[in-house]
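The values are calculated or read from the model by the stated rules, or taken from the named source; none is laboratory data. Source: prediction; values computed, not measured. Cβ sites come from the backbone with ideal geometry, for glycine too, and all protein chains shown count toward neighbours.
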Amino acid sequence: KIGVSVFVIVWFGAAVVTVNAVLLKGSVSFFQSICVLGYCIFPLTLSALVCLGVGWSGCRSTLCLMVRLASVGVGLLWSTRASIGFLAEVVPPKRSALAAYPVVLFYASIAWIIVIRSSP
């Protein structure tokens, strides 16, 4: 069940980011944006694997929580930075902050799911 909801969140979030970029007079196609956002989600996938490994170890200490939060934080920053770099090229410079906001929300929601689902 979680796989379906993550799939829907990724597609819906990518669609919202793409429509937002187009409405901001960006020169981006729908599938180009979906593809880039999909590739940029890879650092969060690595973070999910780290969290899964920490969860399988059975560790319930504060240190394990900090490792999970740090890995998700790094994955979130990496994904967001990579996506914003792409959007900065296709959206006019004066509107780049407006284009970045949905990207941050998109990846933050996925990061939140990773943190919640990996907790023991």
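Quick notes on this structure:
- Some residue of region 41-61 being exposed (fewer than 14 other Cβ atoms within 10 Å of the Cβ), modelled with pLDDT of 90 or more and aromatic (Phe, Trp, Tyr): yes
- Selection over region 78-120 of residues that are among the hydroxyl-bearing types (Ser, Thr, Tyr) and over 22 Å from LEU52 (Cα atoms) gives a count of 3.
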